[in-house]
Amino acid sequence: MENVVLVIHLILALCLIGIVLMQRSEGGGLGIGGGSGGGLVSARGAATALSKITWALAAAFICTSIGLTIIAAEKSAGASVVDRLIDAAPVEAPSAETGNALGSDLLPPSADSDAPLLPSGN
């Protein structure tokens, strides 16, 4: 069910993008386009077919968004990230006594170790 709603949601999004790009600019946001130069509010005629389709697609897009939210909430009703952290066992860091300390292979050998020391320059 979720996949069907998701596919419809994506198709609506692509159609909405296409319809918005096909519409004529009214000169609002960018200051360019076919608006009347007189004032901020222009007289508008009856809504065109493209604007009606835009509103219908936008309403359908919002409905599918709400539907996907409800489906996702039902799936994760009993799960929480905090519950997973509490249930997980703590990871112990290796101790220096076992020789697995972080970066211990980068340290020079100590005097009591069996590793040969490099000869001095003399």
Inset, instruction - Residue by residue through segment 44-85, note down the ones that are outside any helix (DSSP H, G or I) and at pLDDT below 75. - result: R44, G45, A46, A47, A77, G78, A79, S80
Legend entry - Filter result for A88 (modelled with pLDDT of 70 or more and of a type in the set (A, V, I, L, M, F, W, C)): no
Legend entry - Conditions (1) among the β-branched types (V, I, T); (2) surrounded by fewer than 12 Cβ atoms within 10 Å (Cβ to Cβ); (3) modelled with pLDDT of 55 or more: number failed by V41: (3)
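The values are calculated or read from the model by the stated rules, or taken from the named source; none is laboratory data. Just so it is clear, the structure is predicted and the values come from calculations on it, not from any experiment. Cβ atoms come from the backbone with ideal geometry, glycine included; neighbour counts cover every protein chain shown.
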